[in-house]
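Peer 1: Below you'll find the structure I mean.
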Amino acid sequence: MLLNYSDDGPGPAVILLHGFPLDHTIWDYQRGSIGSTYRVICPDLRGHGETAAPEGIYTIDGMADDVIELLDALGLVQPLVLGGLSMGGYVALSIAERFPHRLRGLMLFNTRAGADTPETARVREDLAQIVESSGSVAAVAETMVPKLLAPSTRDRRPDLVEKVGAMVTRTVPRAVAGALRGMAIRPDRTGVLPSLRLPTLVMAGADDLLIPLDESRRMAAAIPGASLVVVPDAGHLAPLENPAVADEAILQFLGSIGG
Ligand code: MLT
């Protein structure tokens with residue numbers, strides 16, 4: 001499926017994938033900062049942002065295939081750097097496992113390699129059914145928005161609270177249900193981590209309420225040669241909440257792998 005995307009800047013390509021249920025505008029800071037040196041391409045994943053929202057389950061591998069289709073459509077055949085945040089990280093890991101020849105670097109932001117527990121999968125299904133039967137994503141906005149941003153961000157940055165809330169509520173119920181069901185059946189990719197042969201940056205938010213810091217530490221330790229950056233004053237959306245620290249780490253990583 002053809003994805004909507006932004007495309008900014010000159011230089012080697014860097015693809016950034018957003019989380020659930022958000023869109024490519026979570027990368028607005030990076031489009032300006034990283035985009036002064038690199039070509040930063042930020043797709044809207046299936047059902048999110050301006051991309052069409054078909055019926056059905058949005059599997060992680062299916063969303064990864066959409067991204068590969070976009071790269072092909074853009075003629076980006078040389079290996080590039082791919083980053084993904086949370087659900088976007090699940091998609092990035094799918095690409096790293098199944099299309100390693102397309103990548104020369106990987107950035108995993110606020111994400112995990114493991115699958116859902118049966119309990120999490122059940123909660124997702126309940127939420128999908130509420131969203132479908134009510135025809136409204138209000139339940140997801142209520143559940144998720146308070147968990148996406150660090151308490152300090154919520155206090156300091158009402159503009160970000162509003163921006164994130166607006167992104168969530170713009171996402172249509174069909175897409176929210178499709179992505180919830182896709183995440184619930186995603187494979188456990190923990191076993192893939194030791195076989196990755198890609199320079200990798202793992203980024204965590206010091207105050208991420210959804211991904212415990214220890215889990216990010218374990219993920220970074222399992223990937224050969226990966227580095228871990230813990231962003232202070234940031235929760236689950238570290239590059240949006242503390243772009244100064246996040247961008248410095250991203251630029252240093254990109255500089256270290258050349259291009
Ligand atoms: C996200 O930010 O993409 C979600 O928290 C991912 C998830 O629900 O597993």
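Peer 1: Of the residues ASP65, ASP61, which single one is away from the ligand (no atom under 14 Å from the Cβ) and free of Cβ contacts under 8 Å to residues at least 12 places away in the same chain?
Peer 2: Just one listed residue meets the conditions, ASP65.
Peer 1: Moving to a separate point now. Go through (1) in a loop (DSSP other than H, G, I, E, B); (2) free of Cβ contacts under 8 Å to residues at least 60 places away in the same chain one by one and return the number of the condition VAL229 breaks.
Peer 2: VAL229 satisfies all of (1) in a loop (DSSP other than H, G, I, E, B); (2) free of Cβ contacts under 8 Å to residues at least 60 places away in the same chain except (1).
Peer 1: (1) touching a Leu at 6+ places or on another chain (Cβ under 8 Å); (2) under 20 Å from TYR5 (Cβ atoms): which one isn't true of SER94, the others all being true?
Peer 2: (1)
Peer 1: How many residues are open to solvent by less than 30 Å² (accessible area, probe 1.4 Å), within 14 Å of the ligand (Cβ to nearest atom) and touching a Pro at 6+ places or on another chain (Cβ under 9 Å) when one looks only at the stretch 95-127?
Peer 2: Selection size over the stretch 95-127: 2.
Peer 1: Here is a check on your reading of the model: is ASP44 away from the ligand (no atom under 16 Å from the Cβ) and either acidic (Asp, Glu) or open to solvent by 60 Å² or more (accessible area, probe 1.4 Å) (or both)?
Peer 2: no
Peer 1: Looking only at residues in the stretch 212-230 that are more than 16 Å from the chain's Cα centre (by Cα) and open to solvent by less than 30 Å² (accessible area, probe 1.4 Å), which one is nearest to GLY105 (Cα to Cα)?
Peer 2: Going through the qualifying residues, I end up with ALA226.
Peer 1: Here's another thing I want to ask about it. Only one of ALA141, ALA234 is at pLDDT below 95 and either closer than 20 Å to HIS24 by Cα or surrounded by fewer than 16 Cβ atoms within 10 Å (Cβ to Cβ) (or both). Can you tell me which? Give the derivation first.
Peer 2: Values: ALA234 fails: at pLDDT below 95.
Only one candidate qualifies: ALA141.
Peer 1: Looking at ALA179, ALA206 in this structure, which one is buried (at least 20 other Cβ atoms within 10 Å of the Cβ), within 28 Å of LEU106 (Cβ to Cβ) and not polar (S, T, N, Q)?
Peer 2: Going through ALA179, ALA206 in turn, just one is buried (at least 20 other Cβ atoms within 10 Å of the Cβ), within 28 Å of LEU106 (Cβ to Cβ) and not polar (S, T, N, Q): ALA179.
Peer 1: Right, something else. Are any residues in the stretch 85-94 open to solvent by less than 10 Å² (accessible area, probe 1.4 Å) and either in contact with a Gly (Cβ under 8 Å, 6 or more places away or on another chain) or within 9 Å of the ligand (Cβ to nearest atom) (or both), and if so, which ones?
Peer 2: Result: LEU85, MET87, GLY88, GLY89, VAL91, ALA92, LEU93.
The values are calculated or read from the model by the stated rules, or taken from the named source; none is laboratory data. The structure presented is a predicted model; accordingly, all values stated were derived computationally and were not measured. Neighbour counts are summed over all protein chains in view; Cβ atoms, including those assigned to glycine, are modelled from backbone coordinates with ideal geometry. When the accessible area is computed, the model is the full protein with side chains, heavy atoms only, and any ligands, DNA or RNA have been set aside. Shrake-Rupley method; radii C 1.70, N 1.55, O 1.52, S 1.80 Å.
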